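Working notes, structure below.
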Amino acid sequence: MVSRNHNLENTTRYEILDQQTMSNCKIITNGYNRLFKAWTLSVLHGIALSEPVRFNELKRRIPNISSSSLSDRLSDLVDAGIITRTVTPGTPPSVHYSFSEKGRELRAILGDLDSWIVRWEK
């Protein structure tokens, strides 16, 4: 009978790889869920047009997005470290959004995805 409680010494190389694969799948799925949430790609493209960008300018760049949805997506992207939110004191305060280092790397990938879509979705 095989014990269910086996230690690392009894773990095969393939079981370790399978555990790593499962862990990566969860991470990748979470990342896809974040990126493909409603309006997220539109928000990223809106920021990519020129940055930094203010909330109302971004809203004008994305037809039909509600203020609530835009605010939610911006908060999600800030929390994920993909964009930064910079507040400049004043009356009223000025808030700008731009890509973080992590976001700039994603921006390059999205550019490749855009090229692929233009090529194949004609």
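Read-outs throughout are calculated quantities, based only on the coordinates presented, and are distinct from any laboratory measurement. In this text the structure is predicted, and so the values were computed from the model without any measurement. Glycine gets a Cβ as well: all are built from the backbone with ideal geometry, and neighbour counts include every protein chain shown.
The table below gives the values:
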item	result
Gain upon complete extension [residue 85, residue 117; 0.36 nm per residue less C-alpha separation]	8.6 nm
Over the chain: Kirkwood hydrodynamic radius from C-alpha pairwise inverse distances, Å	17.2
Listed peptides 33-44, 82-93 by packing density, highest first (mean Cβ within 10 Å)	33-44, 82-93
Extension reserve of the residue 98-residue 18 stretch, reckoned as 0.36 nm per residue once the Cα distance is removed	25.0 nm
